[in-house]
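Note sheet for the following structure.
The values are calculated or read from the model by the stated rules, or taken from the named source; none is laboratory data. Since the model is a prediction, treat every value here as computed from it, not as a measurement. Here the Cβ positions follow ideal geometry from the backbone for every residue, glycine too, while neighbour counts run over all protein chains shown. What goes into the accessible areas is simple: the full protein's heavy atoms, side chains included, and nothing from ligands, DNA or RNA. Shrake-Rupley method; radii C 1.70, N 1.55, O 1.52, S 1.80 Å.
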Amino acid sequence: MLTRLARSVVRRPRLVLAGSALFVVVAAVLGAGAFGVLEEGGFEDPGAESTRAADVLEERFDDGGAPSLVLLARSTTGDVDDPEAVADGTALTEALAAADDVADVESYWSLGGAPPLRSAEGDEALVLARIVGDDEHEVVADLRDELGGRHGVLEVRLGGADAVGQEVTDSVASSLARAELIAVPITLVLLLFVFRSVRAASLPLLIGLMAIMGTLLVLFLLGSVTDVAVYAINLTTALGLGLAIDYSLFIVSRYREELARGLDVEEAVVRSIGTAGRTVAISAFTVAVSLSALLIFPLYFLRTFAYAGIAVVLLAMVAAMVTLPALLAVMGRRIEPRRGRRRRVDDAGATGSADAADPEGRVGDDAEAEAAGFWHRVAVTVMRRPLPIALAATLVLLLLGAPFLRLSVGLPDERVLPESSEARQVTERLQAAFPGDTAAAFPVVVESADGDVDLDALDDYARRLSQVDGVARVVGPGGGYAAGTPVAAGGSPDAPDTPAEPADPADPDRWRRGGTAWLEVVPAIEVQSGEGERLVDDIRGLDAGSGRTTLVGGSAAQLVDTKDALLRLLPWALAIIAVTTLVLLFLMTGSVLIPVKALVLNLLSLTATFGAMVWVFQDGHLSGLLDFTATGRIDTSMPILMFCIAFGLSMDYEVFLLSRIKEEHDRTGDNTASVALGLERTGRIVSAAAALLAITFLAFGTADVSFLKLFGVGLALAVLMDATVIRGLLVPAFMRLAGPANWWAPPALRRFHERFGVSEGPPGDDLGT
C-alpha cells in the first residue's frame, strides 16, 4: 500500500505539493479560531463531589461561594483603625462593590471591625469579594490596574484564588513565548548541522507546519462541540515540530542511503517510503496509542492532550508519507550535502558508477563505514560484556528511580509562581499574619430532602463543624462559629462577648435558597497537604442531620476527588498502553520476547526519570539553580501526562532501532551483527532527533511557573535517557544475552505474523501485508 502511495506521489509531486499548500492555508485560517474556543481549566472531575458542590452554588446562588479575591490593604499610619484608614478602607470597599462582575464584597471596615480580617500587628486589613462570570482573569487584571497601589493612607495588593489563577495564566503564556524564542533558533541551527544541507533542514519545518496547522483546525472543531483546554496549543507546537524532525530525519536518511546504492530519484523515494515509511507508520500509531490512554480520564485537561497529541502525530505521519516524498521527488539529488554530491560525481567519473555512501554523504564501502562508526563500536563493546553492563545500567536506573516510591501529589497553589509574584506574596501574608487562611476558605453545601432548610439544625451543624480539627471558623446564615463558640460576622472566639448575628443581613438569600444552603469554612491548616485531605474526610464523615446531605467543595476536596478518579482509572490506562504496544511491536518484529523487553526497558527508563523529578521538584534539590519553590508535592496530573507522552516518544525511538535490527536479521540471520548494524544506522538519527526534541522541552525549564519547569525538564531527561542509556547500552546488552531467543514465537503466532506482520525491508514478500 505504501509503495503504491509513494509511486502515485512521485508521478505527480507538484500537484501533491499544491494540495499540501492549500491544506496549510485553509487549516491556518480556520484553525486560528481555536484560540477563541479553547478554555482555561479542566483540572476537576465533572462527577466528583467537589465539582457538584461548585455546580450547585453556580446554579442556585449565582456563582455563590467562598471569596475568590482578596485585597490586602496596609495602612501607612501603622493602624487600620485610624480615622483616615477607616475612611479610605470604606471607600475602597465601596469602589470594589461598584465594579462590574464583582459580588459579595465585605471588608474589615464594612463588618464593623471583624477580628479575623485584621492582622495581628494591626497594620493590615482585608477586603473580600467574589468574581462572577466567565472572565475572571480579565476582571482581576482590570481591578489590579484600578484598585492596586496607593489609596490614601492604604497600600493595596491583590491576592486570592482568582488573582493567583490570573498570574499563573499570564506567566504560562509569557513563559511559553520565551521558550519558543529560545528553542526555535537553536533547533534551526542544529537542523543544519544534522541534515548538512539547507534544503534538507527545511523539510521537517514544512512537515511540522502542516502537522501544527492541521492540529489547530482539529482543536477548533473539537473545541466547538466539547471542552478543550488551551494548553493543547503548547503540546501541539512542541510535539508537532519534534515528530516532524523525527520522521523527516528517518525518511531522508533512508532516501540518501538508497541514492548511495545507485537508485534513481523516483525509485529511491519509493523504496524509502516502502521501508522507512512503514517504520514511521508503526511509530506514529504507537505514540498515538500511548496518548489515547489519556482519553479515559474525566479531567478534560488530560483529554485535551490526547486530542492534540493524537491529531499532531497522525498528521505528521501523513505529511511524512505524502508531502515529504513529493518534496524529495522535486528536489532530487539536491537533498544531499554539497560535499557528498561533489564527491559522488568525482567517484562516478573515476569508476563509472557511484560508490555507496552513507546518509551524511560519506563515500566508501558500507560495511567498513558502519564498522568504523561510533554507534557500531558502542554496540560491539556492550555485546562483548553484556551482563555486567546490563546490571550496572539497570542498577543506576533503579537508584535514580528510588525517590519515586515517596511520590506525593497535590494541586498547584500560589507557590508555583515566583517569589516576586504579588498574588503569591499576598497569599503567604494572609497565612502568616491573619487567623485562619481566608484565601483558602471553601464551601460546604447542605441540601434538605424535604425542600426546606431548618435554620436551627443548620446552625447546630455549623457549630459542630467549627469544632473539627483544622477548622478556624465557619460562617453561614445563622452567623459565625469558631471552636464551637458563636462570634459576630467574621468574628473570632477571641471576642466571646460579641453576639452572634446574620453574616450578611443585607442579603439573606446569599446563604440559603429553598432546600439548599451553604456554609463557608475557613481552614486553620494548609489545605494542600495531608492534613487538608484528612480535614475533607472528617467533614464528609460529619453527620449533618436526618434528611440532609452535604457536598464539600474547595481545593482540598478537589484534590481528594481528583486523586481518587486518577488512581481508579490508571490501571486501565496502563493496560491500554501495554497491550497495544505489545501487539504493534509483535506485528513489526514477529517476536514475543522483543516487545516485552521493550516495554520493560521503557518502564525502567521512565521510573528513573520520575524518581529524578521527585528528587528535584518534590524534595527541592536544585531549586536554587532552577529557581522554583518546592512544595513537597507534584501536580496530580503531571505524572500521568508525562508518562503517556514520554512512553510514546520512547517507543518512537524503539521502533526506529528495532526496525533496522529486524531488517538486518532478516537479511543475514546474525543476531549480533544485526544489532550492531541496526544501532549504527539509527544511532545518529535517534540521538539527533532526541537532542532536538530535548532542546524544545528544556526551553520550558526557563518558565516562571514551576509545574511547567517540571514538564519540560522531566520530558527532556526522559528523551535523552532513553536515546542514550536505553538504546545505546541496555538494548544491545539484552539483545546479546537473549541471542536467537529474541526472534522466537510460537508456531501459531509465527503464522499470524507471516500473514499480517509489518517490517522494514526492501519491497517484496518479506514486507508482509
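The figures follow:
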| read-out | value |
| --- | --- |
| Segment 737-757 residues that are touching a residue at least 60 places away in the same chain (Cβ under 8 Å), paired with ones that are assigned to a helix (DSSP H, G or I) and open to solvent by 50 Å² or more (accessible area, probe 1.4 Å) (beta carbon under 7 Å, 6 or more apart) | LEU737/LEU387; ALA738/LEU593; ALA741/LEU593; ASN742/LEU593; TRP744/LEU593 |
| Hits in segment 684-706 - residues which are more than 16 Å from the chain's Cα centre (by Cα), of a type in the set (Gly, Ala, Ser) and buried (at least 23 other Cβ atoms within 10 Å of the Cβ) | ALA689, ALA690 |
| Every pair of residues 6+ apart whose Cβ atoms lie under 9 Å, when the first sits in segment 469-485 and is free of Cβ contacts under 8 Å to residues at least 24 places away in the same chain and farther than 21 Å from GLY532 by Cβ while the second is open to solvent by less than 20 Å² (accessible area, probe 1.4 Å) and β-branched (Val, Ile, Thr) | GLY480/VAL474; GLY480/VAL487 |
| Residues of segment 710-725 that turn out to be in contact (Cβ under 8 Å) with a residue 40 or more places away in the chain and either touching a strand residue (DSSP E or B) at 6+ places or on another chain (Cβ under 6 Å) or surrounded by fewer than 22 Cβ atoms within 10 Å (Cβ to Cβ) (or both), as a count | 1 |
| Top-ranked residue in segment 543-573 [being outside any helix (DSSP H, G or I) and open to solvent by 40 Å² or more (accessible area, probe 1.4 Å); ranked as farthest from SER290 (Cα to Cα)] | SER546 |
| Within segment 612-631, considering residues that are polar (S, T, N, Q) and either assigned to a helix (DSSP H, G or I) or more than 15 Å from PRO412 (Cα to Cα) (or both), the one most open to solvent (accessible area, probe 1.4 Å) | SER623 |
| Tally of residues being open to solvent by less than 20 Å² (accessible area, probe 1.4 Å), under 28 Å from the mean Cα position of the chain (by Cα) and polar (S, T, N, Q) across segment 172-210 | 2 |
| Residue match in segment 437-449 (condition: more than 27 Å from the chain's Cα centre (by Cα), of a type outside the set (A, V, I, L, M) and either farther than 21 Å from GLN528 by Cβ or open to solvent by 20 Å² or more (accessible area, probe 1.4 Å) (or both)) | yes |
| Qualifying positions in segment 80-91 - open to solvent by 50 Å² or more (accessible area, probe 1.4 Å) and either closer than 30 Å to PRO298 by Cα or of a type outside the set (Ser, Thr, Tyr) (or both) | ASP81, PRO83, GLU84, VAL86, ALA87, ALA91 |
| Close pairs from segment 145-156: first farther than 15 Å from ALA87 by Cβ and of a type in the set (Asp, Glu), partner modelled with pLDDT of 90 or more and surrounded by 18 or more Cβ atoms within 10 Å (Cβ to Cβ), Cβ under 6 Å, at least 6 apart | GLU155/ARG74 |
| Residue under evaluation SER283, criteria (1) under 20 Å from the mean Cα position of the chain (by Cα); (2) within 19 Å of TYR653 (Cβ to Cβ), criterion not met | (1) |
| Whichever residue in segment 587-611 is among the aliphatic types (A, V, I, L, M), open to solvent by 20 Å² or more (accessible area, probe 1.4 Å) and in a helix (DSSP H, G or I) and, among such residues, is farthest from ILE282 (Cα to Cα) | LEU604 |
| Output for segment 385-408, where each listed residue is among the charged types (D, E, K, R) and over 24 Å from the mean Cα position of the chain (by Cα) | ARG385 |
| So GLY728, is it out of contact with any Phe, Trp or Tyr (no Cβ under 9 Å at 6 or more places or on another chain), assigned to a helix (DSSP H, G or I) and in contact (Cβ under 8 Å) with a residue 24 or more places away in the chain | no |
| Subset tally (residues that are closer than 23 Å to ARG130 by Cβ, outside any helix (DSSP H, G or I) and at pLDDT below 85) for segment 431-474 | 4 |
| Residue in segment 652-680 that is nearest to LEU188 (Cα to Cα), counting only those that are open to solvent by 10 Å² or more (accessible area, probe 1.4 Å) and touching a His at 6+ places or on another chain (Cβ under 9 Å) | GLU680 |
| Subset of segment 257-274 (residues that are assigned to a helix (DSSP H, G or I) and open to solvent by 10 Å² or more (accessible area, probe 1.4 Å)) | GLU257, VAL265, GLU266, GLU267, ARG271 |
